[in-house]
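Data block below; observations after.
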Amino acid sequence: MNTICLFDLSLALSCPPAGSVNVCFGKAVEGPGGRWVPCATEISEGVYYSSLFRVGRGQRQVCVSNRPLRSTDEALLRAIELASHAAA
């Protein structure tokens, strides 16, 4: 992922919407950028966001809100990729 993609991605990150539920978690990814947990977040029935949160006190969950997905598998795979980049 290049710098421009990361910048564009940062514009799409937001807090999960109220009422959303984390439905599937991946293994934590750890690196110099911290320890990140990827997850799929259901925002409405059958609609998911890729999410991740940094492990540690005072940290918050963020999700990619500009790309709703139709399956937990898709959302989790994308979240794992994002966690890898965030931890790097």
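A few remarks follow.
- The chain, accessible surface, carbon-and-sulfur percent (1.4 angstrom probe): 53 percent
- Per-residue ellipticity at 222 nm, computed for the chain from helices alone with -39500 (n - 2.57) per DSSP H run of at least four residues, works out to -9500 deg cm²/dmol.
- Heavy-atom surface of the chain, accessible at 1.4 Å and reported per residue (Å²): 62 Å²
- Loop sites by DSSP among the trypsin sites (Lys or Arg not before Pro) of the chain, restricted to those with at most 10 other Cβ atoms within 10 angstrom, leave 28-56 as the longest stretch without any of them.
- Among 63, 24, 39, the residue with the largest mean-square fluctuation in a Gaussian network model of the chain, with springs joining Cα atoms closer than 10 Å, is 24.
The values are calculated or read from the model by the stated rules, or taken from the named source; none is laboratory data. Since this is a predicted model, take the numbers as computed values, not measurements. All Cβ positions, even for glycine, are placed from backbone atoms using ideal geometry, and neighbour counts span all protein chains on display. Side chains included, ligands, DNA and RNA excluded: accessible areas come from the protein's heavy atoms. Shrake-Rupley method; radii C 1.70, N 1.55, O 1.52, S 1.80 Å.
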